[in-house]
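Right, one structure below, let's go through it.
Derivation of every value follows stated rules applied to the coordinates shown; laboratory data play no part. Since the model is a prediction, treat every value here as computed from it, not as a measurement. For neighbour counting, all protein chains shown are included, and Cβ atoms are generated from backbone atoms with ideal geometry for every residue, glycine included.
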Amino acid sequence: MVAKITNYEMASLGDSAIMVSLGTQVDEGTHQRVMMLSHYLEQHSFYGMIEYIPAYTSVTIVYEPLQVYMGMLQRAEADPEAGSELDLSPYEIVSKWLESVLQQVQHTAAAEPALVEIPVCYGGEFGPDLEFVAAQNGMSTTEVIQIHCSRDYLVYMLGFAPGFPYLGGMDKRISAPRKQTPRLVIPSGTVGIAGEQTGIYPISTPGGWQLIGRTPISLFLPDKNPPTLLKAGNRIRFYPISPIEYDQWSRI
């Protein structure tokens, strides 16, 4: 099955990248279009493409301009009709290729997202702001944990830090404001809440989210390829573990 993507806009980002906007709303419909194009680029790159970067509503494609133009020269040598495009800029060459791709993207490329289960030790030294989040919403810490673990979250994109997942789907009942003064150091694996979002700090970094727990699972894997546990399109599910279980996980 093929699906034509018609709701899009393209814009150059400097002289070596192009951003394809696939919607204006952060929702699963736009996300599906982002994933459709991303999966296609994963399987079918063009000469000179360096990488693609999926985000909430767009995909940015980074390329090497000279290689893009050299690829056009090679096509012109093999097909005289392609020679008429030699006066195009690298941006125009890439945008023209993307326009043809967007007219006929394999819908089946957007496969069922993988589910990744994330163990979390909530509260105490692992989640010093859990009680604040509970009080903010007029509930017990147990209720906050139950609600936080009650649904699957969609990974819309990675950003801010290597492997940091921007998740959609958190229950508004446990939302909490960012801290007025960010912490200078947050341990890697810490799970936090900011507004109506939840996320996981993959490395030790400053941050202003309310910290409710910590996972012993490593999200940033610099020795692996790819170097991140999660990727856009995954779904994740949190489940609670005890401090003893956290220690056991950490020893693995």
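Numbers below:
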| item | result |
| --- | --- |
| Point-to-point label distance, Thr142-Thr181, nm (Cα→Cβ direction, 7 Å offset) | 3.5 nm |
| About the Cα centre, charge dipole magnitude for the chain (Lys/Arg +1, Asp/Glu -1 at Cβ), debye | 860 debye |
| Cut-off under 5 Å, modelled amide H: who pairs with Gly189 long-range | Tyr201, Ile203 |
| Helix-only CD estimate at 222 nm, as mean residue ellipticity for the chain, using -39500 (n - 2.57) per DSSP H run (n ≥ 4) | -8000 deg cm²/dmol |
| Entries in Lys96/Lys231; Lys172/Lys231; Lys96/Lys224 that, when Cα-Cα distance is taken, lie over 30 Å | Lys96/Lys224 |
| Computed FRET value (nearest 0.05) for Ser12 with Lys224, which takes r as the C-beta separation and R₀ as 22 Å | 0.10 |
| Mean Cα-pair separation over length for region 2-106, i.e. relative contact order, pairs under 8 Å, 6 or more apart, % | 32 percent |
| Local electrostatic count, Pro119, Cβ distance below 13 Å [Lys/Arg +1, Asp/Glu -1] | -1 |
| Dipole of the chain [Lys/Arg +1, Asp/Glu -1 at C-beta], most positive-end residue of Tyr153, Ser250, Val105 | Ser250 |
| Modelled FRET efficiency - R0 41 Å, Gln248 with Asp27, Cβ distances, 0.05 increments | 0.60 |
| Cα centre as origin, Lys/Arg/Asp/Glu Cβ charges: region 2-106 dipole, Debye | 260 debye |
| For region 115-251: relative contact order, % (alpha-carbon pairs under 8 angstrom, 6 or more apart) | 34 percent |
| Prolate/oblate/rounded label for region 153-252 (Cα gyration tensor, a/c 1.5) | rounded |
| Among Gly14, Ile217, Tyr239 the positive-end extreme of the charge dipole of the chain (Cβ point charges) | Tyr239 |
| FRET efficiency for Ala78 and Ala114, using Cβ-Cβ distance with R0 set to 45 Å, rounded to 0.05 | 0.70 |
